[in-house]
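Here is the structure we will look at, set down as structure tokens.
The values are calculated or read from the model by the stated rules, or taken from the named source; none is laboratory data. All of these numbers come straight from a predicted model, not from anything done at the bench. Here the Cβ is made from the backbone with ideal geometry for all residues, glycine too, and neighbour counts use every protein chain on show. Accessible surface is based on the protein model in full, side chains and every heavy atom, while ligands, DNA and RNA are left aside. Shrake-Rupley method; radii C 1.70, N 1.55, O 1.52, S 1.80 Å.
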Amino acid sequence: MLKKSSLVLWGAALFVAWNGLLLLFLWSRPPSSASSSSSSSSAERGRLTEEVIRLAQDAETELERQKELLRQIHRYSGLWGRRRAPQKPPQTPSPPPAAPEGDATVLPVLVMACDRSTVRRCLDKLLRYRPSAQRFPVIVSQDCGHAETARVIASYGDAVAHIRQPELGDIPVPAEHRKFQGYYKIARHYRWALGQIFRTFRYRAAIVVEDDLEVAPDFFEYFQAAFPLLLSDRSLWCVSAWNDNGKEQMVDAGQAELLYRTDFFPGLGWLLLAELWDELEPKWPRAFWDDWMRQPEQRRGRSCIRPEVSRTMTFGRKGVSHGQFFDQYLKFIKLNDRFVPFTRLDLSYLKKEEYERSFLPRVYAAPEVRVEELQGNQRRELGAVRVQYTGRDSFKAFAKALGLMDDLKSGVPRAGYRGIVSFVYRGRRVYLAPPSDWTGYDPSWS
């Protein structure tokens, strides 16, 4: 914009200066002498007339040059403005220009959509809170071919890019999986859409959300700050905006800046690198992709970052899971409403070595109490406390009694790190933890 303004001012100054010189020339001409002969006066007038005509022609030529310059400024400023907005890619789009590394890397938001016209709620918040259209282009990938949802997406014009999954037919599945056809289609859509992001557009990383998620005011700030951590710490494989146990009464909203490592893949608003897609794409599953991500063969001992207070919430009760967990847990998730300037905070405490030096001693230094004492709101003088489980059954019993999600995936509890789940119960910090000599997850606990 500064470049455009300076060119316009230069053109205007040139126009004024040229015409000023013309007037100065005419005014500075000496008047003809009264004693001159009529022939010399006539010659003088002729020369003056020719000079004025020549100057006028030169001025006209210069004005045409200036008009052409202004037309070029207008044309290129329009192109420049369109480059700043996220473009709607064609079905076979060309790769975007290479983005700089580090904090300036473009982080596209991939919105996975199907037949929910309520995707408008998701898109409205994304566009409202994103700090830069150039840094965070929004790309909606639509499956299902649902016309009303397509019209809603199209109504945003160039503010979002709209790509469409080309394969919409049913997928051959085993007879016992016919009722899970939707899960097969979702896995197929994810594979295609992530392929577009990393193979066609060739982005360095991407934030994935679904069409039934609403984001927090600091959603983009959170991912922008965590991205360098994901690049530098190879013991991490994702950053998630979601806390599985993030119900309002189970989080400390006054510590909205608090982040954790977790061995459980949370999804529901998550950041991954292109290198991870290189690893996952060749073996991508035909169905149940999120639970597949939680298997030891995919996780490979790596963790994700997750927040104390979720930066996403789901409003989609209806879906292929038929509202599983929605009425009991998901609709009560607390969405952060206070902006945290994560990019100005030191997040180095989340690196594996430093995190284990601080988090594990804090957990096992907390006094051990029984679930009954917690439920009776006893021993409040102890502050943060620990409840210890020793096996699958005791974990599930304690989790259910304390209001946590009690399911395990490949032996990993939701939001857990080294088997430890941190949460708030009746206003105080509680760690549901295995013994301190914990040796690893047991996949048979699933």
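The table for this structure:
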{"quantity": "Translational diffusion coefficient (Stokes-Einstein; Kirkwood radius from C-alpha pairs) of region 145-239 at 4 °C, 1.567 mPa s, in µm²/s", "calculated": "79"}
{"quantity": "Overall dimensions of region 109-334 by Cα: Rg and Dmax, Å", "calculated": "16.9, 50"}
{"quantity": "Pairs beyond 18 Å (Cα-Cα), from 185/283; 125/334; 247/351", "calculated": "247/351"}
{"quantity": "For region 355-433, convex hull volume per residue from C-alpha positions, Å³", "calculated": "88"}
{"quantity": "Burial order of peptide ranges 122-132, 165-175 (average beta-carbon count within 10 Å, highest first)", "calculated": "122-132, 165-175"}
{"quantity": "For region 109-334, accessible area per residue (1.4 Å probe, heavy atoms of protein chains only), Å²", "calculated": "38"}
{"quantity": "Share of carbon and sulfur in the accessible heavy-atom surface of region 109-334 [1.4 Å probe, %]", "calculated": "49"}
{"quantity": "In nm, spacing of pseudo-spin labels at residue 349 and residue 436 (7 Å Cα→C-beta vector)", "calculated": "2.1"}
{"quantity": "Highest to lowest packing among 195-206, 370-381, 404-415, scored as the average C-beta count within 10 Å", "calculated": "404-415, 195-206, 370-381"}
{"quantity": "Of all accessible heavy-atom area on region 355-433, the percent that carbon and sulfur account for (1.4 Å)", "calculated": "46"}
{"quantity": "Burial ranking of peptide ranges 294-301, 437-444 (average Cβ count within 10 Å, highest at the top)", "calculated": "294-301, 437-444"}
